[in-house]
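Structure, as structure tokens:
Bear in mind these aren't lab numbers, they're just calculated from the coordinates by the rules spelled out. In this text, all values refer to a predicted model and were calculated from it rather than measured experimentally. Neighbour counts are summed over all protein chains in view; Cβ atoms, including those assigned to glycine, are modelled from backbone coordinates with ideal geometry.
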Amino acid sequence: MHLHATSSEEGKTAVILVAGFLGAGKTTLLKRVLNWRTDAAKTVVLVNEFGKVGIDGDLLRTSGTDIVELTSGCICCTLSADLKQSLMRLWEDFEPHRIFIEASGVADPTTILSLMKDPQLAAMMHLQKVVTVLDADFWEARDHFGPLFYHQLEAAHLILLNKIDQVDPSRVSLYLKEMHAALPDCQVVPTVHCAVDAATLFAPVEDATGKPLATVVTDGQLFEAIQPGHLSEHAPTMATEHFSTFSFVSSKAMDQDRFHHWLQTLPLEVFRIKGTVRHRDGTDFINFVGGKWDRYPWSGEQTTRLALIAWNVDVDAIEGGLRECLV
Ligand SMILES: Nc1nc2c(ncn2[C@@H]2O[C@H](COP(=O)(O)OP(=O)(O)OP(=O)(O)O)[C@@H](O)[C@H]2O)c(=O)[nH]1
């Protein structure tokens, strides 16, 4: 399939798929883009969260852009029919010029790209670009990541090598060289907080021959320790066997010190936590990715509402630990 614009694509809604592993910075990118006033008009964002508690929608909604959320599953598998219906519905409701799809961090873009070839969808919209956000810290560990991780990179036309502020500068140029060698058709832009410019983000895919949407499937081993191939076998396997996504909701306040201690002593398998934490003096939004976290004051609903993603953990114990932080 060729991606450079053809006359048959003129007048159709342009779709940009934003992919990337858990916590890489997809929402950060979208928040940035939706602040570009010129682009906000006639733009709709479709956000997919693997867990039941939709968090990203709340973060993006402040931009004034129309946001559609798909939660409790992954659009690359259990929710792929929903994705098609949602895309068709939002095309009819909003007549957007552009749709951003924020895939869940565990979504395989190759299946979403196949869906985009559906004749009904293809009559309304065309895939303009796949943008994958990559946490620079993860490049070096790439061989421990599985097919999903590679698919997210290989499907990309543009990769934002993000969070370079957390990596030794001397490593960044090495990573860029390695990435250019491994992914020669792909544009790679190093970023902090996904600070890419509009010209780069929206630049046409220039390869005159067109880049295949999905290329070679490599044999990376991310998650093999967790369950071989499970991510390509879709969410039910993950959810029911080793991969857990769960939420914690409470209107009671948390003790800040206890919660801080709880975060610091979490097992490594608790990879991603995001949402709001109510404490005695207010509420914070917390973003935890692979042992690192940040927080900022939250002026929205004053409650604790967390989405968590973990592997091989005793969910009851994790939830019990959170309950002990309540006052
Ligand atoms: N230090 C640093 N933090 C960043 C950067 N980009 C994003 N973050 C932080 O990384 C965390 C996760 O960012 P998100 O944008 O929520 O990541 P995501 O890919 O949308 O996450 P999921 O949808 O849960 O997979 C947030 O705390 C961001 O502020 C960066 O360049 N440097």
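Compared with the alpha-carbon gap, the fully stretched path from Glu9 to Thr303 is longer by 101.3 nm at 0.36 nm per residue. Restricting the trypsin sites (Lys or Arg not before Pro) of segment 246-314 to loop positions (DSSP other than H, G, I, E, B) with no more than 13 neighbouring Cβ atoms within 10 Å leaves Lys252, Arg280. Given a Förster distance of 25 Å, report the FRET efficiency between Asp168 and Trp262 from their Cβ-Cβ distance, rounded to the nearest 0.05. Approximately 0.25, to the nearest 0.05. Summing Lys and Arg as +1 and Asp and Glu as -1 over all other residues whose Cβ lies under 14 Å from the Cβ of Ala195 gives a net charge of +1. Taking 0.36 nm per residue of separation and subtracting the current Cα-Cα distance, fully stretching the chain between Ser247 and Ser114 would add 44.8 nm.
All other residues with a Cβ under 10 Å from the Cβ of Ser250 taken together, and with Lys, Arg as +1 and Asp, Glu as -1, what is their net charge? Overall, the nearby charge balance is +4. In the structure shown, the pairs Lys84/Lys274; Lys31/Lys292; Lys42/Lys117; Lys84/Lys117 are assessed against 18 Å; a Cα-Cα span above that value is assigned to Lys84/Lys274; Lys31/Lys292; Lys42/Lys117. Over all other residues within a Cβ to Cβ distance under 15 Å of Asp165, the charged ones net out to -1, with Lys and Arg as +1 and Asp and Glu as -1.
Rounded to the nearest 0.05, what FRET efficiency do Ala122 and Lys177 give with R0 = 41 Å and r taken as the Cβ-Cβ distance? Could you check? Once rounded, the FRET efficiency stands at 0.65.
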